[in-house]
Amino acid sequence: MAGMLDGKTALITGGGRGIGRATALLFAREGARVAVADMNLDGAKETVAMINTAGGQAMSIGCDVTKPDQVAAMIQAAVSAFGRLDCAFNNAGIAGYQVDALGKKTADWPEAAFDRMIDVNLKGVWLCMRGELEQMVKQGKGAIVNTASIAGLAGLPTSSIYVAAKHGVVGLTKTAAIEYAENGVRVNSVCPGYIETDMTRDVMARRGKELMALTPFRRMGRAEEIAEMVCWLASDRSSYVSGANYNVDGGFMAG
Ligand SMILES: NC(=O)c1ccc[n+]([C@@H]2O[C@H](COP(=O)([O-])OP(=O)(O)OC[C@H]3O[C@@H](n4cnc5c(N)ncnc54)[C@H](O)[C@@H]3O)[C@@H](O)[C@H]2O)c1
């Protein structure tokens, strides 16, 4: 059976573990050649090894998405290797505990934590989109998927700057979708609920019961369940979908 992404080339940031890795594996299984980028190059290499062992085609790229020169080089490397860029998944991101904001309410976030959160989770997405859009406009076609979150759609106590950054990602997604429709580029985002990855291990240990009580499915999602939505949004099967933000959250946002 034909793969959903047969003949396509893709770039995935934050592909060294978690949702990015699961998506890279699925993209490759569905026929895409995948550039796996991560600040943690070892993680990206591991993902690539998993893809290659399974018979897929992938390459690793070390890239910190907050660094404009590294982002430009990442996109250049993917385009040089593959000849074009059909799909991009802007997924690299960090959580509050990674910027010393664990459990802090809005007024208590350190300024440095604000700056770092916005730098990675919002500016990083924009820097990637900037380069990807330039390439996709040249091609006259492309599909971008950004990782937002349920935090891009609702307030979540003690996550305020994460929430602000993810609302920003939703805003970028909607605006770019309108602007680049005439160029054949679709831009969408996926909004995961609580997903079992390294990112959520701490919060689940502390507040798992409370958060699962807010999730109608009463369980966390798997990274592979996010990858399915991203794959569809990146594929031609979603050809009339742009500017949309899809919840994959076990019903959380319905509450
Ligand atoms: N896990 C969840 O419950 C959940 C829910 C909603 C949204 N998200 C979002 O999904 C995305 C992936 O999360 P995850 O759960 O897979 O997390 P994760 O921590 O398992 O993986 C994130 C990856 O991004 C990379 N990364 C971090 N900062 C980077 C930077 N500056 N440049 C390049 N790479 C960088 C890390 O090295 C890591 O490999 C994030 O944007 C996160 O905000 C996660």
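FYI, it's all coordinate maths here, none of it is from the lab. The shown structure was predicted, so the numbers you read here are calculated from the model rather than taken from an experiment. Counting neighbours? That spans all protein chains shown, and the Cβs are built from the backbone with ideal geometry, glycine included.
Computed about its Cα centre, the charge dipole of the stretch 9-241 is approximately 420 debye, with only Lys, Arg, Asp and Glu carrying charge at their Cβ. Taking 0.36 nm per residue of sequence separation and removing the Cα-Cα distance, the R201/Q139 pair yields an extension gain of 18.3 nm.
Under 13 Å from a label point set 7 Å out along the Cα-to-Cβ vector of R219, the amide N atoms of the stretch 195-209 belong to 196. With the simple model of a label 7 Å out from the Cα in the direction of the Cβ, Y240 to M212 spans 4.0 nm. When only alpha carbons are used to place a centre, the stretch 53-112 and the stretch 224-255 end up 20 Å from one another. Mind checking the angle between helix 160-179 and the chain's longest principal axis? C-alpha axes, 0 to 90 degrees, to the nearest 10. Relative to the chain, helix 160-179 is tipped by roughly 30 degrees. Here each label is just a point 7 Å from Cα along the line to Cβ, and for M50 and A181 those points are 3.7 nm apart.
Taking other residues whose beta carbon is less than 14 angstrom from the beta carbon of A22, and scoring Lys, Arg as +1 and Asp, Glu as -1, yields -4.
Ignoring the sites themselves, what is the longest stretch of the chain with no trypsin sites (Lys or Arg not before Pro) in a DSSP loop and at most 12 other beta-carbon atoms within 10 Å? The reported range is 106-217.
Modelled spin labels at M1 and A112, positioned 7 Å past Cα toward Cβ, are 5.1 nm from each other.
Under the shape rule built on the C-alpha gyration tensor, where the axes satisfy a ≥ b ≥ c, the stretch 95-252 is oblate, since a/c reaches at least 1.5 while a/b does not exceed b/c. With springs only between Cα atoms under 10 Å apart, run a GNM on the chain and tell me which of D108, D119, D64 wobbles the most. Looking only at D108, D119, D64, the biggest GNM fluctuation is shown by D108. Which whole-angstrom value gives the distance between the alpha carbon centres of the stretch 1-38 and the stretch 119-181? Answer, in whole Å: 19.
In this structure, the amide hydrogen of I195, modeled 1.01 Å from its nitrogen in the peptide plane, lies closer than 5 angstrom to those of G221, counting only residues at least 5 positions away or on a different chain.
Enumerate the lysines that K166 could reach by cross-link, defined here as Cα to Cα under 21 Å, with residues fewer than 8 away along the same chain left out. Cα-Cα hits under 21 Å: K67, K104, K105, K123, K174.
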